[in-house]
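These notes are about the structure you will find just below.
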């Protein structure tokens, strides 16, 4: 099944709305300032990795609930690194 990421489904959420909602949720959690476990769908992970300036593929395409360790002071554009576990 091919998804049209550029389309706005009737009665559904646009990609922009999805991205903003996802970032708002992650921001609220990350503002807690401690070690946090986030379990999410692959699309949510893609938004998070892109926001941190990290590659979306890593060693493989990001899957739902895939364990990824994000650490500050890494090599990403925003100072983050992602380790696919």
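Computed from the coordinates by the stated procedures, all read-outs in this text should not be read as laboratory data. Since this is a predicted model, take the numbers as computed values, not measurements. No Cβ is skipped: glycine too gets one built from the backbone with ideal geometry, and neighbour counts run over all protein chains shown.
Brief remarks follow.
- Relative packing of peptides 37-49, 14-26 - highest average C-beta neighbours within 10 Å first: 37-49, 14-26
- Computed Rg/Rh of the range 15-84, alpha carbon atoms with Kirkwood Rh: 0.92
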